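What follows is a single structure, written as structure tokens, with notes after it.
Bear in mind these aren't lab numbers, they're just calculated from the coordinates by the rules spelled out. Note that the structure is predicted; figures quoted are calculated from it, not measured. In this analysis, Cβ positions are derived from the backbone assuming ideal geometry, glycine residues included, and neighbour counts consider all displayed protein chains.
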Amino acid sequence: MTRFFPLALVPLLAATPALAHHSFAAEYDANKKVELKGTVTKFEWTNPHAHFYLDVTDPAGKVANWNLELASPNMMVRNGWKRTSLKPGDTVVVTAALAKDGTNTASAQTIMLADGTTLTFMAAPEKP
């Protein structure tokens, strides 16, 4: 019996990484889009999702830092992204789905660079 009990925990432990991952619909509202223009402050090439951070200045001059989620680095590489696709200091325009919790967090859908190149995580970069 003592040997059986630890084996009974294996399915639970194996499921833990799956429980840590979230669905898009649980965190973001696909019907609430936002367009943000700002300056990239950081780009994190991490699993399970890459993120970049964007300083956005409102009409009153107040700067807010946004956390924008992307796909996994694996998916992004398959669609033409590199670790250097976004760099601190880049000026970009982002279309994204807002987080349901009301924070400055969103799921980026398109990112337009200053030269007109459009990045998405579902397709290769589109040149102007």
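The table for this structure:
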quantity	calculated
Set of aspartates and glutamates with alpha-carbon distance to K33 below 20 Å, sequence-local pairs under 8 removed	D55, D58, E69, D101
Karplus-derived HN-Hα couplings along region 56-64 (A = 6.51, B = -1.76, C = 1.60, θ = phi - 60°), whole Hz, x at Gly and Pro	10, 9, 7, x, 7, x, 7, 9, 10
Spin-label pair K87/K62, simplified geometry with 7 Å Cα→Cβ offset, distance in nm	3.3 nm
Nonlocal amide H pairs with A71, under 5 Å, H built at 1.01 Å	A50
Note, ³J(HN,Hα) from phi for region 113-119, Karplus 6.51, -1.76, 1.60, rounded to Hz, x at Gly and Pro	7, 4, 7, x, 5, 10, 10
Per-peptide average of other Cβ atoms within 10 Å, ordering 65-71, 25-31 highest first	65-71, 25-31
Region 32-119: translational diffusion in µm²/s, Stokes-Einstein, Kirkwood Rh over Cα pairs, 4 °C, 1.567 mPa s	99 µm²/s
Highest average packing first - 43-55, 73-85, Cβ atoms within 10 Å	43-55, 73-85
J(HN,Hα) series, region 68-84, from Karplus relation 6.51 cos²θ - 1.76 cosθ + 1.60, nearest Hz, glycine and proline x	10, 8, 10, 7, 6, x, 4, 5, 5, 4, 5, 10, x, 6, 10, 4, 9
Other-chain or far-sequence residues with amide H under 5 Å of K100's (modelled H)	Y28, D29
Members of K62/K127; K87/K127; K62/K82 lying beyond 24 Å, as alpha-carbon distances in this model show	K62/K127; K62/K82
